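The values are calculated or read from the model by the stated rules, or taken from the named source; none is laboratory data. As the structure is a prediction and not an experimental result, all values here were calculated from the model. Virtual Cβ from ideal backbone geometry, glycine too; neighbours counted across all protein chains shown. Heavy atoms of the whole protein, side chains included, go into the accessibility calculation; ligands, DNA and RNA do not. Shrake-Rupley method; radii C 1.70, N 1.55, O 1.52, S 1.80 Å.
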Amino acid sequence: MGVALRDLPGRHVSSRSHVTAVLTVFHGRCFLPGFGVVTTFPSPSPAGAMEEEDEEARALLAGGPDEADRGAPAAPGALPALCDPSRLAHRLLVLLLMCFLGFGSYFCYDNPAALQTQVKRDMQVNTTKFMLLYAWYSWPNVVLCFFGGFLIDRVFGIRWGTIIFSCFVCIGQVVFALGGIFNAFWLMEFGRFVFGIGGESLAVAQNTYAVSWFKGKELNLVFGLQLSMARIGSTVNMNLMGWLYSKIEALLGSAGHTTLGITLMIGGITCILSLICALALAYLDQRAERILHKEQGKTGEVIKLTDVKDFSLPLWLIFIICVCYYVAVFPFIGLGKVFFTEKFGFSSQAASAINSVVYVISAPMSPVFGLLVDKTGKNIIWVLCAVAATLVSHMMLAFTMWNPWIAMCLLGLSYSLLACALWPMVAFVVPEHQLGTAYGFMQSIQNLGLAIISIIAGMILDSWGYLFLEVFFIACVSLSLLSVVLLYLVNRAQGGNLNYSARQREEIKFSHTDNRIPSFQLVTWQPRIKPHLSASHAAWCASAEAWMMLWKSKCSGAASENLL
């Protein structure tokens, strides 16, 4: 069994971390990214602060990570588990901060949807102008999806990048609220633009922190928990903001733009919470780097626009599926509250509740569906089921008077399933060195589609009403369904692996591994250096492991280039 990187997405892994692992061996300490190994051995070092740093590292590692996992008593002078970056308790604290890092952004993103009636009435705008609040969020991300990872890696770093993007989110929400207080809709639009600059890039930073602190199969759970927390933020917004507006209205004695602005300003407190989490994460990450001698997290993205010309037909079909599907979900949720009030006679609070059910279902079901797709494979079949269920849901809402809870629950399940099955397919059809460009392009055209369709949806609703709007969404989902069928046929004709079962993928992975790994790599290497090894033996093992990992990464890169 050879040493392998454990299930990390390709765009989060680069050979730089392997080179660092080799170089640090000769500096007196060895850190292997991805294995959580820190080994200290004699090396010349200056007195003073460096000695204190060494003492703290020795205290942390006195019992070794394996002994700590077995519940062995801590060595005298060791840090408490909650303060030890190598212990599970500390990493759970970091995970909690990561989850709340994006809570404010997702809570405030759908503030307009939760207050659709109030915004249109108090600011005296039609639906077309109302939907500009969503369009202005998406416009900056048509470009920033390509450069968010670059800014984090090369310009700001993960810590400052997260803080800066959190500040953009806070400032954007404050400006958005001030637009309501001063009765200036243009100022509200500008606030949403600023909010959009920080929102999507903050999600990139959140994922980068996750990859930096959690490895291998832990990432599946971590990403699932982050997505669940994001959906909880959206759900709380949908059910809280309308109630909060009514309380502010009762307190001030009348409705109006001032009441709207104050409500939005109070909602912005969640963005301040996210900023506090960003500051706390920056401190804990810097502290862990000092103690464990680990690198700052990097996205690993390599964006080359020239790669677009090499994109295959299956990848373009995946892009079409993505855009046509999501433009029938997010704009509908943005306009859904009034739809449920007008067609089905729901109260404002009940309409908010049913409009949020997509996010309520997505929170617990996303990790479940992710596990299901991991275990079964067959991604195209799952995407086909999700798109078909979404089409049925929109047809029920458009042409029947059935209880809309049925259609919205179906939409929530299909939305969760599609996200788990669609996005991983990109990695199956794109070489590793093009993953950053592919995902960046996919997010870019998704935001472009959302910006344009949000405006079109508002115009359709103003001119023809909700029935024609639902017919428009049905047409979008139908185009997505057609693209899924074409993807299935093209993949089958090309002998692609998009619809392989999990077992078939495992067999192919092992056969490729056997073909690529040289015979000397078949030696069994321990993933962690045992604490009882001598310093010289530990250094030799670490150096050998690091060089072999570097060799494997080079082999995989060469194989990818040969495929092209």
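Applied to the range 389-394, the Karplus parametrisation 6.51 cos²θ - 1.76 cosθ + 1.60 on θ = phi - 60° returns per-residue 3J(HN,Hα) values of 5, 5, 4, 4, 4, 5 Hz, with x for Gly and Pro. The string of couplings for the range 179-185 from the Karplus curve (6.51, -1.76, 1.60, θ = phi - 60°) is x, x, 4, 8, 6, 10, 5 Hz, one whole number per residue in order, with x for Gly and Pro.
Residue 310 sits with roughly 80 Å² accessible to a 1.4 Å probe, with DNA, RNA and ligands left out of the calculation.
The H on the amide N of residue 496, modeled in the peptide plane, is under 5 Å from the matching H of no residue at least 5 residues off or on a different chain. Ranking 152, 456 by solvent-accessible area of protein heavy atoms (1.4 Å probe, all protein chains present), from largest to smallest, gives 456, 152. Using a probe radius of 1.4 angstrom, the carbon and sulfur fraction of the accessible surface of the range 437-518 is 65%.
At q = 0.15, 0.16, 0.33 Å⁻¹ the log10 of I(q)/I(0) for the range 417-457 amounts to -0.45, -0.50, -1.03, computed by Debye summation with a single uniform scatterer per C-alpha, solvent ignored. Here's how it looks for residue 501: its modeled amide H is under 5 Å from those of 378, which are all 5 or more places away or on a different chain. Here the dipole of the range 178-249 is about 220 debye; that uses its Cα centre as origin and unit charges on the Cβ of Lys and Arg (positive) and Asp and Glu (negative).
If DNA, RNA and ligands are ignored and the probe is 1.4 Å, what is the ranking of 293, 394 by accessible area, most exposed first? Intermediate values should be presented prior to the final figure.
Details: 293 50, 394 0 Å².
Result, largest first: 293, 394.
Legend: residues 406, 163, sorted from most to least accessible area (1.4 Å probe; ligands, DNA and RNA excluded), read 406, 163. Accessible area per residue for the range 73-229, computed on protein heavy atoms with a 1.4 Å probe, is 37 Å².
Note on residue 200: accessible area approximately 60 square angstrom, rounded to 10, probe 1.4 Å, nucleic acids and ligands left out.
Which entries in the list 215/309; 215/378; 247/343; 120/343 go over 21 Å, if you measure between the two C-alpha atoms of each? The answer is 215/309; 215/378; 247/343. Given the range 422-493, what whole percent of its Cα pairs are spread farther than 21 Å? For the range 422-493, the fraction of Cα-Cα distances above 21 Å is 46 percent.
Evaluated with a Cβ-only charge set (Lys, Arg +1; Asp, Glu -1), the range 115-249 carries a dipole of roughly 140 debye about its Cα centre, given to the nearest 20. Rounded to whole numbers, the Karplus 3J(HN,Hα) couplings from phi for the range 101-113 are 4, x, 4, x, 4, 6, 5, 7, 4, 9, 4, x, 5 Hz, using 6.51 cos²θ - 1.76 cosθ + 1.60 with θ = phi - 60°, and x at Gly and Pro. Ligands, DNA and RNA aside, residue 117 has an accessible area near 70 Å² when probed at 1.4 Å.
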